[in-house]
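Visitor: Got a structure for you, questions after.
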Amino acid sequence: MRSFNGTGNAWTIQVAENAFKSVPDDQSHSTLLAQANVSTAAYVQLWLFSFRFIESLTDVRLPGSKRTDDAYAYRETPSESAHQLAILATQLGFDSPQIRSLFMTSTIKPSARAYLTGRRPQDLYVYPPRWEEEAPEKVVDLLKLPKRDGYEIVVPPFSIDSESLMANKRCGLPQRETHCNDRRFLFALQVYSAEQLPKKYPTSFAVLRDIVFSFFGRRILPSRSHPIWRRVATKPQSPRQNESDMVSSPVACDPHPPGTPDRNEHPEQHPDAGHDMALDSPNPAQDSVKQAPIAPGFEDEASIAPLNQLTHISHSRGADEILDAWDARRNNDLTVFYFFKNHQYCKFLRKDPELHEQLGNFIGQFENNHYFATLRGLINSRDIIHRIDALPLVFVYTETEHDQPPMANLWEYVLSFDARTGKRKQGNKEDSPSAMSTKRRMGDNGASVNRASDEESEI
């Protein structure tokens, strides 16, 4: 905390990896006290960065095919994270020789040099003059061309009523898959947002939130400066601490890491005050807060993915259960691209003013080595954007693994993939002709026809 050199009475709040907001302090108190409040909020945000990027904070044991899924594979915390942490610390107002050193030490250029020289070993190739120095610089320059994308602030639920999610792990190290989903919300704005109406079961994000509160307290941000954490009191709140209550000398915080704020410095709120507070739930209509609509079947209320982002399905239900739920509660404003082999999906809001651009970027990533289809047949990737209003669900898949073309019965092909392992059930009873005919007699084939008919009526 002694490295904090920020000035003024404004909070700098990181709202996304690439975005910050400056929030003015509307409280009347001394400059010294304001400085202490701002520095504490900045310090907590450095810890939230660590929660997001330290890989060893998670349980790396994964079921089935997820052990080799690139999205969830365990990796050592990249050294570039230290550089990014130094950038964040500087942005928040911290400064020290170590921070300045890390700020100047980026691994991008060394990584580019290692990649290029590894692909063109010097003992096998003759380098042009200064190639080893200039080629990595060109790679770094190319990385500057993509522009920063926008962001949306989504507050996940703190509790749920769904019994199907009761068994989710909520103690010990978080599961790797769960942490990958939760860490995109680990910013001060979401963690310190207003309380929500309680439901039966806490979510994994609520557990992470309580961990932060247990170390740093529940009230480190200005109470009325942003709608997402705005609180409306029915009675006057307890006054904030006076300057005389501050301890200006260093406080021993062992066994906590050096610099951890001492919660004993902050007076406890009056016991009755908590019962007199009416807390606003996050309101999607308020400024800067956008709650992505849910895609029934593909996600639950505890794991609502952002729009336009390829996401791993967090549950292990099969395609039939997923699409039954989708058909029953379909959101007609959404189009979902279903990667049934990988148990992934991506949803788009049709009334998004930037929909065509978002779709173009998304389709461009997959059109060279993926097929796009509905149960009625294949779709040319170039036609999807113009037909998007009539395409609630699009199947996306790579080259097929069997002799029969999948369009002979795409629905059976979709069902042949195990949601837990991601593998196709080769040679089992479901692939035999007798089993197929039995399914048709039992009406499963009728379900496929009904799904295709639903799509045809919309197209």
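The values are calculated or read from the model by the stated rules, or taken from the named source; none is laboratory data. In this text, all values refer to a predicted model and were calculated from it rather than measured experimentally. All Cβ positions, even for glycine, are placed from backbone atoms using ideal geometry, and neighbour counts span all protein chains on display.
Visitor: Name every residue in the stretch 59-84 that is assigned to a loop (DSSP other than H, G, I, E, B) and at pLDDT 65 or above, in order of residue number. Give the derivation first.
Guide: To start, the set of residues in the stretch 59-84 that are assigned to a loop (DSSP other than H, G, I, E, B) comprises 60-63, 68-79.
Listed by number, the list holds a single entry, Ser79.
Visitor: Listed residues Ile54, Ile87, Ile13; which is at pLDDT 80 or above and surrounded by fewer than 16 Cβ atoms within 10 Å (Cβ to Cβ)? So that I can check it myself, show each step before the final result.
Guide: Working: Ile54 fails: at pLDDT 80 or above; Ile13 fails: surrounded by fewer than 16 Cβ atoms within 10 Å (Cβ to Cβ).
Matching residue, one of Ile54, Ile87, Ile13: Ile87.
Visitor: When you check Gln365 against the structure, is it closer than 21 Å to Tyr151 by Cα, part of a helix (DSSP H, G or I) and at pLDDT below 90, yes or no? Can you show your working first?
Guide: Values: closer than 21 Å to Tyr151 by Cα: yes; part of a helix (DSSP H, G or I): yes; at pLDDT below 90: yes.
Criteria met by Gln365.
Residue-by-condition table, conditions (1) buried (at least 20 other Cβ atoms within 10 Å of the Cβ); (2) at pLDDT 85 or above; (3) outside any helix (DSSP H, G or I); (4) of a type in the set (Lys, Arg):
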| position | (1), (2), (3), (4) |
| --- | --- |
| Lys169 | no, no, yes, yes |
| His179 | yes, no, no, no |
| Arg184 | no, yes, no, yes |
| Leu189 | yes, no, no, no |
| Lys199 | no, yes, yes, yes |
| Arg209 | yes, yes, no, yes |
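Visitor: Okay, moving on. Taking the residues in the stretch 91-136 that are outside any loop (DSSP other than H, G, I, E, B) and touching a residue at least 40 places away in the same chain (Cβ under 8 Å) as candidates, determine which candidate is surrounded by the fewest Cβ atoms within 10 Å (Cβ to Cβ). Break it down into steps so the answer makes sense when it comes.
Guide: Quick first cut of the stretch 91-136, residues outside any loop (DSSP other than H, G, I, E, B) only: 91-92, 94, 97-104, 108-119, 131-136.
Add one more test, that the residue is touching a residue at least 40 places away in the same chain (Cβ under 8 Å), and what stays is 91-92, 94, 99.
Working: Gln91: 14, Leu92: 23, Phe94: 20, Ile99: 17.
Residue satisfying both the conditions and the ranking: Gln91.
Visitor: Scan the stretch 320-329 and give yes if some residue there is free of Cβ contacts under 8 Å to residues at least 60 places away in the same chain and more than 19 Å from Asp418 (Cβ to Cβ), otherwise no.
Guide: Within the stretch 320-329, one or more residues are free of Cβ contacts under 8 Å to residues at least 60 places away in the same chain and more than 19 Å from Asp418 (Cβ to Cβ).
Visitor: On to the next question. Is it the case that the stretch 293-314 has a residue that's touching a Lys or Arg at 6+ places or on another chain (Cβ under 8 Å) and more than 26 Å from Arg183 (Cα to Cα)?
Guide: Looking through the stretch 293-314, none of the residues is touching a Lys or Arg at 6+ places or on another chain (Cβ under 8 Å) and more than 26 Å from Arg183 (Cα to Cα).
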